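Have a look at the structure below, then the notes.
We did not get these values from a lab; they are worked out from the coordinates using the rules stated. This one's a predicted model, so the numbers in the text were calculated from it and none came from an experiment. Please note: Cβ atoms are built from the backbone with ideal geometry, for glycine as well, and neighbour counts cover all protein chains shown.
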Ligand SMILES: *Cc1c(COP(=O)(O)O)cnc(C)c1O
């Protein structure tokens, strides 16, 4: 048994790596200087720490040090990128293109610009696998379009978007591209120049760094991207983000990026193997489950599964010893079916019957096998009292969904 729930919710947040914490600690009580103090050593030490961290963050995404702006997290990075472009380029146009499956930290700033700043926003749909159609993006671009914001990897399904193709088209048309790459950075290779993106958001606490720190990559060459700052004050971060910098957080973000760069390849294949094991075992043991998202283009650590005839929330309540997420962490509080799964065409009831499993560095085989056992039992228990499940077993399923595995097993129907 485990003394605390098995954590399979790494897309919601990750633990701070102990080596990251260790790197941060001297910057609380010892090196507490403010880099704005240019006249003494305390300030210089802080300045050097930012330089080093900027280098570490940049190295993970193929950027250069001066293209990294530190923020309080990806929500702020997304806001700065989207509102910053909309304001700065307002005289060129007011049209923004984004996708229905984006995180609310992208969708909500776009809604704000539409409702309060006179912008025109096109929200593109996705196919059943959660991918946006590159041609649809091309068609959505008009003379007024200034920005396309498309995430690299979905926090809910792990699905990867064809971002490189989108960026190529955008470049031809002179449109800037922003990507919320929070879930991709540190899990799969990300290179801003290979992708051809102009702005990229990342978050410390999604890659084993601390909470409350993030970064925005802002392209400096080809083109040089300009942004209207959203926070005004002392002119920190080259005027793009005023406010005394969070030194320990930034040092932690740098250390986390450095660690990710060194361990990513091994960890990705290890976690991918465990994720496949989870899906294989579940599909062998539980009938009527469906994998949501793209199979080929997907993060290695994420599995989003629908357990038909079961309420995701009820399932989670039954399994207090495994920590997972139903739909998105943000929408589960509002008890609304995930907007991501709905955009993929999943009916409301099936969206509610879905759980997200996101593995991490701490996940091992025992965790996966334990989760499989818990799920198998919990799903069977809930289905035993489900009249819909009874009916489906009698009729041989009527929902028209393509399930992972075939017929319900005899043991389940009795
Ligand atoms: C977690 C997350 C965010 C928000 O990041 P914070 O640093 O917590 O503000 C934004 N986008 C995606 C895809 C996320 O998963």
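How do 202, 24 rank when sorted from fewest to most other Cβ atoms within 10 Å of their own Cβ?
Numbers: 202 32, 24 24.
Listed from fewest to most nearby Cβ atoms, that is 24, 202.
Taking other Cβ within 10 Å of each residue's Cβ, how do 242, 269, 325, 72 sort, fewest first?
Ranking 242, 269, 325, 72 by Cβ neighbours within 10 Å, fewest first, gives 269, 242, 72, 325.
Report, to the nearest 10°, how far helix 41-61 tilts away from the longest principal axis of the Cα atoms in the chain, using its own Cα long axis and a range of 0 to 90°.
50 degrees
Quick one: angle between helix 163-172 and the longest Cα principal axis of the chain, in degrees between 0 and 90, rounded to 10, please.
Roughly 40 degrees, rounded to the nearest 10.
Arranged from highest to lowest average of other beta-carbon atoms within 10 Å per residue, in what order do the peptides 275-284, 246-255 appear?
246-255, 275-284
Under the rule a/c < 1.5 gives rounded, and otherwise a/b versus b/c splits prolate from oblate, where does the stretch 18-260 land using the Cα gyration tensor?
Judged from the Cα gyration tensor, the stretch 18-260 comes out prolate (a/c at least 1.5, a/b above b/c).
Quick one: the Cα spread of the stretch 85-163 along its three principal axes, in angstroms, biggest first?
36, 24, 16
List the extent of the Cα atoms of the chain along each of their three principal axes, largest first, rounded to whole Å.
Its Cα atoms span 78, 52, 33 Å along the three principal axes.
I'd like to compare 43-51, 147-155, 226-234, 340-348: which one has the highest average count of other Cβ atoms within 10 Å, and what's the full order after that?
Details: 43-51: 17.3, 147-155: 26.8, 226-234: 15.4, 340-348: 20.6.
Top of the packing list down: 147-155, 340-348, 43-51, 226-234.
Using only Cα atoms, locate the centre of the stretch 232-246 and the centre of the stretch 50-108, then give the distance between them in Å, rounded to an integer.
With the stretch 232-246 and the stretch 50-108 each reduced to a Cα centre, they are spaced 15 Å.
Run the simple label-point estimate for residue 373 and residue 91 please: 7 Å along Cα→C-beta, distance reported in nm.
Result: 6.8 nm between the two label points.
Please work out the FRET efficiency for the pair residue 117 and residue 172, using the Cβ-Cβ distance as r and a Förster radius of 35 Å; give the result to the nearest 0.05.
0.85
Working from Cα positions, state the angle (0 to 90°, nearest 10) between the long axis of helix 365-384 and the longest principal axis of the chain.
50 degrees
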